[in-house]
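The values are calculated or read from the model by the stated rules, or taken from the named source; none is laboratory data. These numbers were taken from a predicted model, which means no experiment stands behind them. Cβ: placed from backbone, ideal geometry, glycine included. Neighbour counts: every protein chain shown.
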Amino acid sequence: FGPIDLLIGTGSGGAIVEPDAAWGERTVSLTFSSSEMQVGVAYGIKYSNTDVDISFLQVNEAGGIALWPIDISDTVAASPSTAFNKLDQEYLVAWEMLDNGQHDEIWVRGVRSFTGFSSVSSFATVPTYGPDPSGPRLASDTRGTDDDYLLVWVDDTAIWSAQVVASDFTPQIFDVTAVTTDFPGVLAEPQISAAPGDNGAMAVVWTRQYEP
């Protein structure tokens, strides 16, 4: 599809962030940092049919914008998701990589940016056990006591989850688990949300379409 503008703002106004960019993804993932009063935005930019990058924007309350390239390899990236963890003032970005149009891998990378410090972490590849992993979604521990995230995705066999720990600013993957298996029909990409409060609970929802 053709060039469009990515606008960031409130009400009817907005700052043009990526003018006349051909998006490789309609998915735009937003997360809010109340401690830093800024919004993080992860999205895809299409340069060609074989090169779709993932970028990450931080927009503060004064309208200032910082742009971070997350994946700029000559590959096709898709379905970005982001979440904020207030323990280390860190955003995590997850996305899927496509190989010849097929879902192939899921990657994660961290971004830290606050007063006096900015950095982008190394990459981590999520171990996936079923074919065609897609639709990664992230949520963060809201208690502020752990640098933990929960990542969920779907493949041809199940909905999966994994714990992502951003210890020492290096994403590490633990406890890859099938959330649900043996369901009839076609599973759709899941959504996840963290509960407020001190219990660290998270909810995962998804849909399934039965074969006629």
### Enumeration of residues in the range 79-97 that are aliphatic (A, V, I, L, M) and crowded, with 19+ Cβ neighbours inside 10 Å
ALA83, LEU92, VAL93, ALA94, MET97
### Residue that is touching a residue at least 60 places away in the same chain (Cβ under 8 Å) and either among the polar types (S, T, N, Q) or farther than 21 Å from THR170 by Cα (or both), where the choices are SER48, SER79
SER79
## Note on the structure
Only one of ALA194, ALA178, ALA162, ALA166 is aliphatic (A, V, I, L, M), at pLDDT below 90 and buried (at least 21 other Cβ atoms within 10 Å of the Cβ), namely ALA166
